[in-house]
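The values are calculated or read from the model by the stated rules, or taken from the named source; none is laboratory data. Everything numeric here is computed off the predicted structure, so don't read it as measured data. A quick note on method: Cβ atoms are made from the backbone with ideal geometry, for glycine too, and the neighbour counts reach across all protein chains shown. These accessible areas exclude ligands, DNA and RNA; they are computed on the full protein's heavy atoms, side chains included. Shrake-Rupley method; radii C 1.70, N 1.55, O 1.52, S 1.80 Å.
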Amino acid sequence: MTQDTALDMKDVELNELDQEKVPMAAGAGDLISAGGEKNGVVKVKLEADGDLGTDNSQKFTGLSKEELLKVAGTPGWVRVRWILLILFWVGWIGMLAGAVVIIVQAPRCRPLPEMQWWNKGPLYLIGNPETFQDSNEDAVGDIKGIEQRLDSLSSLKVKGLVVGPLHVTKEDSLADTHLTEIDPKYGTEEHFRQLLEAAHKKSIEIILDLTPNYQGDNVWFSQAGSATDGDLQKKVKEAMDFWLEQGAAGIYLSGIEKLENPTDLLAEFKNITANHSKQGKARVLLASTDEPNYNSVLNLFNETAVGLLSSRYFVEANTSQGSLGDRINQYMMNADDQWNSWAIGGPRVGHMASLIQEKLLHVYQLLLFTLKGTPVTQYGDEIGLKDLPGQPAHSQGPYMQWDDSTNYGFSSHPLARLSIINMNVTFKAQEEDSSSLLSWYKRLSELRGKERALLHGDFYFLHISENSLAFLRSWDQNERFVSALNFDPDSEVELMLTVSDVPEQCSVVLSSNPQRQEGSNVSVRKLKLAPGEALLLKYPYNG
């Protein structure tokens, strides 16, 4: 065999057999088949040495360094390099300029307004805890009872609880009124501190009601001027300092229309809460009035410059003063940039379900939660709790009804006052019903807290008539919301919302009308509302 023949094909054997591929029982003869190959042999074909010498098999080695430099220096290649370099920089500068133009022409994000905790969600007015929850089986609601129900209150996504008055007092006796002492039937100072701590863990603040003579007809004592008496003012100021130092997030004072000079006195009270705003936590002064006169309420609002709450404004205004929409419009015009608080009813007025028709509860709740300002609801309003018949609301309020157990879960002790007026109205039953008033309340509270348009957006009326109302809430480049309300429980109304900023089709967010499907589109150019319907719509920002 010649050398060329030997190079034509060579067998390259593996130095070692792969033991894992050898059958364990195989004999030596099994490793080689007749005329075959060994297990693990790889054949590699190599070119013969003589083939490398032919002209056809010469390798291309490329240009040498000297040849490359010589070619690169020719005029043609120099021009190509300059052209490529110029194109690169032109493209880079063009992209930079385009980015600058996009940034300059892009719509600017509107600066967010400063928001305090009481601006960000509803406040829940427990008031006197006597009827809210009993913790020690004496048939009297107390501070510990409130703490026991914090999980349920947290599910409502409320930002604060208005609690009290809790202090020791004797009807119409200033000398027997001790604003820094808790009435023993409600608990102790330690119980109050424990409530503060437990509420903070749920991101809920506590506002304490310090209305002095809350058991008397005149909450600021006699008609002879006790409201501006130096002793009374001193007691209130000292009590405010005391409870704010204990950790209360705010002070609530009702019946301010009884004050002889509410403007100056409330300004002093407001300075006290401002001075206690520290460690990143602001304190609030919330004042309310039971004044039914429309103009008097507006004057109080303009003069006091506090978060004024009117418990009668929605339900007792004289019809000669215009429709509900007209009254709201006037109130907001007077407010200008001042923050509003809204309520329907209250401890000395009554529960929402006793003041308006049951068919309109959804309408008024939607109104409260989508107006510009803080909604304030009274305990039980979320389930439609009614006042007991024949009794003043502020002294004989209904017990809160939690479930269908003994005494509705309020207390295991026999109760003196029960009524069938609230039969089957319980928190637990409505919690399990997605179509209930409680579920409606929760959805509205959630939307109010997370949607910027509803939280701090601009407010525009779209429609005002005697029995219907529609308004728009919008903020910068966020989704817009339209509230459409029919206050007539018996008749259908038709709204024609032809404002250019509102598109013809809007999407249903919430409706008290079961015939409407959430997410469906409706035309607002000819919008028909069923009797007593509350409808919340939305549409996207379109630039």
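Structure notes:
- Any strands (runs of 3 or more DSSP E) falling wholly within the stretch 380-495 and containing at least 1 residues that are among the basic types (Lys, Arg): 468-474, 480-486
- Residue within the stretch 76-90 that is at pLDDT below 85 and surrounded by fewer than 10 Cβ atoms within 10 Å (Cβ to Cβ) present: yes
- VAL509 being open to solvent by less than 30 Å² (accessible area, probe 1.4 Å) and assigned to a loop (DSSP other than H, G, I, E, B): no
- Residue in the stretch 152-173 that is farthest from the chain's Cα centre (by Cα), counting only those that are surrounded by fewer than 17 Cβ atoms within 10 Å (Cβ to Cβ) and of a type outside the set (D, E, K, R): SER173
Here is a yes/no grid of residues against (1) among the charged types (D, E, K, R); (2) closer than 26 Å to SER288 by Cβ:
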position: ARG108; (1), (2): yes, no
position: MET115; (1), (2): no, yes
position: GLY127; (1), (2): no, yes
position: SER135; (1), (2): no, no
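- Of all residues in the stretch 310-345 being of a type in the set (Phe, Trp, Tyr) and open to solvent by less than 50 Å² (accessible area, probe 1.4 Å), the one that is modelled with the highest pLDDT: TRP342
- As for the stretch 420-433, it holds no residue that is over 16 Å from PHE132 (Cα atoms) and open to solvent by less than 20 Å² (accessible area, probe 1.4 Å).
- Matching residues in the stretch 337-381 - criterion: being among the β-branched types (Val, Ile, Thr) and free of Cβ contacts under 8 Å to residues at least 40 places away in the same chain: ILE344
- VAL140 part of a helix (DSSP H, G or I) and either surrounded by 11 or more Cβ atoms within 10 Å (Cβ to Cβ) or in contact with a Phe, Trp or Tyr (Cβ under 7 Å, 6 or more places away or on another chain) (or both): no
- Yes/no for SER254 being of a type in the set (Ser, Thr, Tyr), open to solvent by less than 60 Å² (accessible area, probe 1.4 Å) and under 17 Å from ASP172 (Cβ atoms): yes
- Contact annotation: residue pairs with Cβ atoms under 9 Å, 6 or more positions apart or on different chains, pairing a residue in the stretch 463-480 that is farther than 25 Å from LEU360 by Cα with a partner that is open to solvent by less than 50 Å² (accessible area, probe 1.4 Å) and assigned to a loop (DSSP other than H, G, I, E, B), are SER474/GLY457; TRP475/GLU451; TRP475/GLY457; ASP476/GLY457; ASN478/GLU451; ASN478/GLY457; GLU479/GLU451.
- Residues that are without any contact (Cβ under 8 Å) to a residue 60 or more places away in the chain and surrounded by 23 or more Cβ atoms within 10 Å (Cβ to Cβ) were ranked within the stretch 181-211; the one that is nearest to GLY121 (Cα to Cα) is ILE204.
- Residue in the stretch 271-278 that is open to solvent by 20 Å² or more (accessible area, probe 1.4 Å), modelled with pLDDT under 85 and assigned to a loop (DSSP other than H, G, I, E, B) present: no
- Of the candidates LYS59, LYS144, LYS157, LYS120, the single residue that is modelled with pLDDT under 85 and not hydrophobic (A, V, I, L, M, F, W, C) is LYS59.
- The listed residue being open to solvent by 20 Å² or more (accessible area, probe 1.4 Å), within 25 Å of MET333 (Cβ to Cβ), within 20 Å of the chain's Cα centre (by Cα) and at pLDDT 95 or above, out of ARG480, ARG473: ARG480
- Looking only at residues of the stretch 385-398 that are at pLDDT 90 or above and open to solvent by 10 Å² or more (accessible area, probe 1.4 Å), we find that the one that is nearest to LEU153 (Cα to Cα) is LYS386.
- Among the residues of this structure, SER445 does not count as one that is touching a residue at least 12 places away in the same chain (Cβ under 8 Å), surrounded by fewer than 21 Cβ atoms within 10 Å (Cβ to Cβ) and hydroxyl-bearing (Ser, Thr, Tyr).
- Some residue of the stretch 174-182 being in contact with a strand residue (DSSP E or B) (Cβ under 6 Å, 6 or more places away or on another chain), part of a strand (DSSP E or B) and closer than 30 Å to ARG452 by Cα: no
- Qualifying residues in the stretch 356-379 (those that are of a type in the set (Ser, Thr, Tyr) and part of a helix (DSSP H, G or I)) - the one most open to solvent (accessible area, probe 1.4 Å): TYR364
- Residues within the stretch 62-75 that are modelled with pLDDT of 75 or more and β-branched (Val, Ile, Thr), tallied: 1
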